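Here the structure comes first, spelled out in structure tokens, and everything after it is commentary.
Since every read-out is calculated from the coordinates, none of them should be taken as a lab result. Predicted model, so just to flag it, every value in this text is computed and none were measured. Glycine also receives a Cβ, built like all others from the backbone with ideal geometry; neighbour counts cover every protein chain displayed.
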Amino acid sequence: MKRRGDRLDGFLVLDKPVGPTSTQALGRARRALGAAKAGHCGTLDPLASGVLVIAFGEATKLVDHVMDGAKRYAFEVAWGEERSTDDLEGEVVARSDTRPDHAAILAALPAFLGEIEQVPPPYSAIKQDGVPAYRRARAGEDFSLPARRVRIDALELVDMISPDRARFEVACGKGTYVRSLGRDLARRLGTRGHLVALRRLEVGPFDLSRGISLETLEAPGYKPRAHLLPVETALDDIPALAVTGAEADAVRHGRAVQLPRAALQLSALPPGRVVAVLEAGTLVALARIEDGQARPLRVFNRNT
């Protein structure tokens, strides 16, 4: 989104509260910082809280990269009712009197690890024939979404809050719906269930330890720009290529450069591997390594 404001480059880790949409939270954060351009790295539902990474200025060019990163969530499942939205907002569509015990839950968790098939919730932003699923669901259409392969790296039972509710943590890859995970776990346990709480703890290199609340950002006299993280923060998982002088200028103009002798080991990376091109620690471009050269994919016009 573009508005009047200052040119800022970097990331902010917002601890989004339950209630506002991600777009609303983004707008409030942008106004608090007085920024001209901002975008968020992955939507959180109004009923979800936690890490909402907001990119400002040139950092918006890295939104897709951040969204591709691994994520970690804490969530709570209420047993006994399945709902149309797979969370508190929906209507009850099925009930069960079965309540799983601790041992049964632990025995069920391994089935959800690794690459699994998952059917997204009907109330999701996935498009069919160009129409978001949630619009079709709200219109009362009868439809189904195809299963998708997602990756679950870890799934842990954290607490048996009561016979009717349990708390979990999950580490997962892009495209995983935690609402669907809670629904499917309940079904495997011979009951029904829906999410009653969802909190995002991490997105790629960004976690709640760096988070700031909207209330703090908007407090009179507060200086929220102090929480702006460098653009380079998003690239912790990408190999770096240091360049200087003429090489940096060539990359800025979109031209490929030969790998410096000190960086020839990058030629051994898998074909097409992307690297971060840095000059004195400042991001110049993302580039693909091919045939001993770094070929720019995206150039960054940094605010100096």
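Annotations
- In plain terms, the chain from Asp291 to Gln258 could stretch by 11.0 nm, reckoned as 0.36 nm per residue minus the Cα-Cα distance.
- Ranking Gly254, Cys41, Thr191 by how far each Cα lies toward the positive end of the dipole of the chain (charges on Cβ) leaves Gly254 at the top.
- Burial ordering of Cys172, Cys41, fewest other beta-carbon atoms within 10 Å first: Cys172, Cys41
- Above-threshold pairs, the threshold being 21 Å between Cα atoms, out of Lys16/Lys223; Lys37/Lys223; Lys61/Lys223: Lys61/Lys223
- Hits among aspartates and glutamates - C-alpha to C-alpha of Lys71 under 16 Å, sequence gap 8 or more where chains match: Asp15, Asp45, Glu115, Asp153, Glu156, Glu169, Glu202, Asp207, Asp236, Asp237
- Anisotropy class of segment 167-304 from Cα gyration tensor, a/c 1.5 cut: oblate
- Going from the residue with the fewest nearby Cβ atoms within 10 Å to the one with the most, Glu218, Glu202 rank Glu218, Glu202.
- Computed Rg/Rh of segment 190-256, alpha carbon atoms with Kirkwood Rh: 1.21
- Around the amide H of Ala242, modelled in the peptide plane, lie the amide H atoms of Leu278, all under 5 Å away and 5 or more residues distant in sequence or on another chain.
- Here the 3J(HN,Hα) profile of segment 165-171, calculated from phi with Karplus coefficients 6.51, -1.76 and 1.60 at θ = phi - 60°, is 8, 9, 10, 10, 10, 9, 10 Hz, Gly and Pro shown as x.
- If the segment from Glu156 to Asp237 were pulled out straight at 0.36 nm per residue, it would be longer than the present Cα-Cα gap by 26.7 nm.
- Percent of alpha-carbon pairs separated by more than 25 Å within segment 1-131: 43
- Placing +1 on the Cβ of every Lys and Arg and -1 on the Cβ of every Asp and Glu, with nothing else charged, gives segment 139-252 a dipole about its Cα centre of roughly 480 debye.
- Here the residues Ser49, Ser162, ranked from fewest to most Cβ neighbours within 10 Å of their Cβ, fall in the order Ser162, Ser49.
- Rounded to the nearest 20 debye, dipole of the chain from Cβ charges on Lys, Arg, Asp, Glu: 1000
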